[in-house]
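See structure below.
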Amino acid sequence: MLEVCNVNTLYGKAQALWDVCLEINEAEIVALVGSNGAGKTTLLNTISGFLRPASGSVEFLGQRIDGLPPHSIVELGISHVPEGRKLFADMSVRENLEMGAYPHHAWKQREETLKQVYQVFPVLKEREKQLARTLSGGERQMVAMGRGLMSRPKLCMFDEPSYGLAPVLVLEVFQIIKSLREQGITVLLIEQNVRRTLEIADRAYVLENGRICLEGACGELLQSDFVRKAYLGL
Amino acid sequence: MPILEGEGVTKYFGGLAAVWNVDFHVNQGEIVGLIGPNGAGKTTLFNLISGALVPKSGVIRFKDEKINGLKPHKICKMGVARTFQAVKVFATMPVLDNVLLGSFFGTPHSTSSADATREATELLEFVGLSAMRATLAKDLTLANQKRLEVARALATKPEILLLDELMAGLNPTEVAQDMELITRIRDKGITIFMIEHVMKAIMSVCDRIMVLHHGEKIAEGTPQEIATSRTVVEVYLGE
């Protein structure tokens, strides 16, 4: 479904990604783990078009998407739930969600999608009219995830969705991500909660200093000495 | 002996009691954890202590002196420093200058810039950012921006440090580094009051833990007591 091939991405002269290759098959949950500064967010930004790779290619459903602007990439069916939520602070919860529905096909179905999002996150229905800036951290994360789903994506990329959430909500977020697959949504997940991530994902890539240094089925990675030491703190 | 204490601290946002009738104390030399569901009022309580917000009622004392109603900079100068959940570094300034600002601000009398630079350099070493002293703060990873905030706060020479989710977004190995950092701060004689969702850290680092829920204190005790409290498991820990 998605194929990232030999991608190199630079910030000015500083190279953040080196020959990165990654592929995601339909209906998979794929995890991307790595230390802070390893390049995980850069890779997501390269896929969603916020950054252009200096070389290499990104293909989605057989079409080259590197070089396309972010809004065209959303139209094609990739949605990006960014690190730190990035909500429109002075807009209401409902307005924030609607902002996610601007791709043409999604806009027509927005009422229906909104209902589905409210089903997944009932608290957002209660807070529909509240300004995003008045929400707690957990509620903001739910709006960000909901907004990501409003574009009716085929592939949804989550950048640290459990960031700053209370343990009970963390469990819920992982449950929700797992349930997306049942709705036919493919997932690329960045998370620091490495253990739980490897438990729900099918495959994972480990990124270190901008390079993929390990990839495999999650079951294998959970057993790997390197992963246990470097990322599980065991 | 409490270095920081609050009685009946209350703050409303519109009609909503964000913090309601909360009593708390932090003893000299302690590491106290503050946990609770998202939206429970934890950061609001920190904002009340640091003077960013003023409580509607109740009193907050630092070393027996009432501080609620004072401006944030006064409270900081008295010896209460903090970091922020949503980081507030000076984004376009180099890392070292961010810390220098803390040094110059916190010193009651004039410091030579050589002394301040030496001190800031030591603090960067202490939090593990020496290699990045010339980098602009905005170019640091989020985890490192949070460590920078710790260094900047320490530069004001606090007696108590409020840490608001220092470890969010860190992987378990990085969490272990920060746990060690917190212990080293305490070993400098600085009292710590910390908000954190990373249970592994809070349970092993804290002497005592307070739990807020819907703005009210619902539990307080040793990590052991909190981990086994029925209420806390229900509203916060899950499972």
Rg to Rh ratio, chain A, alpha-carbon atoms and Kirkwood radius? 0.96
The range B:62-144: C-alpha gyration tensor shape, a/c 1.5 cut-off, then a/b vs b/c: oblate
MRE, 222 nm, helices only [DSSP H, n ≥ 4, -39500 (n - 2.57), over chain A, to nearest 500]: -10500 deg cm²/dmol
Using a 7 Å offset from Cα along Cα-Cβ at B:Phe105, what residues in the range B:51-82 end up with backbone N under 18 Å from the label point? B:51-54, B:69-82
Amide H neighbours of A:Ala16 under 5 Å, counting only residues 5+ apart in sequence or on other chains, H built in-plane at 1.01 Å? A:Thr9, A:Leu10, A:Tyr11
Values of log10 I(q)/I(0), in the order q = 0.07 Å⁻¹, for the protein assembly as shown under a Debye, Cα-only, solvent-free model: -0.38
The range A:73-186 - Rg (one decimal) and Dmax (whole number), Cα, Å: 12.8, 37
Write out the chymotrypsin sites (Phe, Trp or Tyr not before Pro) in the range A:47-132 meeting two conditions: DSSP loop, and at most 16 other Cβ atoms within 10 Å of their Cβ. A:Phe50, A:Phe88
Looking at chain B as a GNM with Cα springs under 10 Å, which of B:Gly41, B:Gly169, B:Gly106 has the largest mean-square fluctuation? B:Gly169
In the Gaussian network model of chain B, springs joining C-alpha atoms below 10 Å, which of B:Met179, B:Met194, B:Met93 carries the largest mean-square fluctuation? B:Met93
Report the calculated FRET efficiency for B:Asp187 and A:Ser57 (r = Cβ-Cβ distance, R0 = 45 Å), to the nearest 0.05. 0.30
Taking R0 as 30 Å, what's the FRET efficiency between A:Arg64 and A:Lys86 from their Cβ-Cβ distance, rounded to 0.05? 0.70
Reduced Cα scattering model of chain B, Debye log10 I(q)/I(0), q = 0.11 Å⁻¹: -0.55
Under a 10 Å cutoff between Cα atoms, tell me which one of A:Gly164, A:Gly49, A:Gly62 has the largest fluctuation in the Gaussian network model of chain A. A:Gly62
As an exercise, identify the trypsin sites (Lys or Arg not before Pro) in the range B:140-239 lying in DSSP coil whose Cβ has no more than 15 other Cβ atoms within 10 Å. B:Lys188
Evaluate the relative contact order of the range A:73-186 (contact order divided by residue number), counting alpha-carbon pairs under 8 angstrom at least 6 apart; express in whole percent. 40 percent
Modelling each spin label as a point 7 Å along the Cα-to-Cβ direction, I'd like the A:Leu222/B:His214 distance in nm, to one decimal. 3.7 nm
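Where does each of B:209-215, B:75-81, A:64-70, A:18-24 land if you order them by average Cβ count within 10 Å, highest first?
By packing density, highest mean first, the sequence is B:209-215, B:75-81, A:18-24, A:64-70.
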When you look at the Cβ of every residue in B:37-49, what mean number of other chain Cβ atoms sits within 10 Å? 3
Between the range A:122-197 and the range A:1-61, how many Å separate their Cα centres? 21 Å
Counted charge near B:Arg133, where neighbours are those whose Cβ lies closer than 12 Å (Asp, Glu -1; Lys, Arg +1): -3
Residues A:Gln116 and A:Cys213, FRET efficiency given R0 of 30 Å [Cβ-Cβ distance, rounded to 0.05]: 0.20
Do the sum for chain B: with -39,500 (n - 2.57) for every DSSP H run of n ≥ 4, divided by all residues, what is the mean residue ellipticity at 222 nm, to the nearest 500 deg cm²/dmol? -10500 deg cm²/dmol
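Label the range B:106-207 by shape, choosing from rounded, prolate and oblate, from the square roots a ≥ b ≥ c of the eigenvalues of the Cα gyration tensor; if a/c is under 1.5 it is rounded, and otherwise prolate applies when a/b is larger than b/c, oblate when it is not. All intermediate terms of the calculation are to be shown ahead of the outcome.
Numbers: a/c = 2.29, a/b = 1.40, b/c = 1.64.
In terms of gyration-tensor shape, oblate.
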How about the range A:87-142: which trypsin sites (Lys or Arg not before Pro) there lie in a loop by DSSP and see at most 12 other Cβ atoms within 10 Å? A:Lys129
Note, ³J(HN,Hα) from phi for the range B:46-54, Karplus 6.51, -1.76, 1.60, rounded to Hz, x at Gly and Pro: 4, 5, 6, 5, 7, x, 5, 10, 10
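Bear in mind these aren't lab numbers, they're just calculated from the coordinates by the rules spelled out. None of the values given here were measured: they were computed from a predicted structure. Glycine gets a Cβ as well: all are built from the backbone with ideal geometry, and neighbour counts include every protein chain shown.
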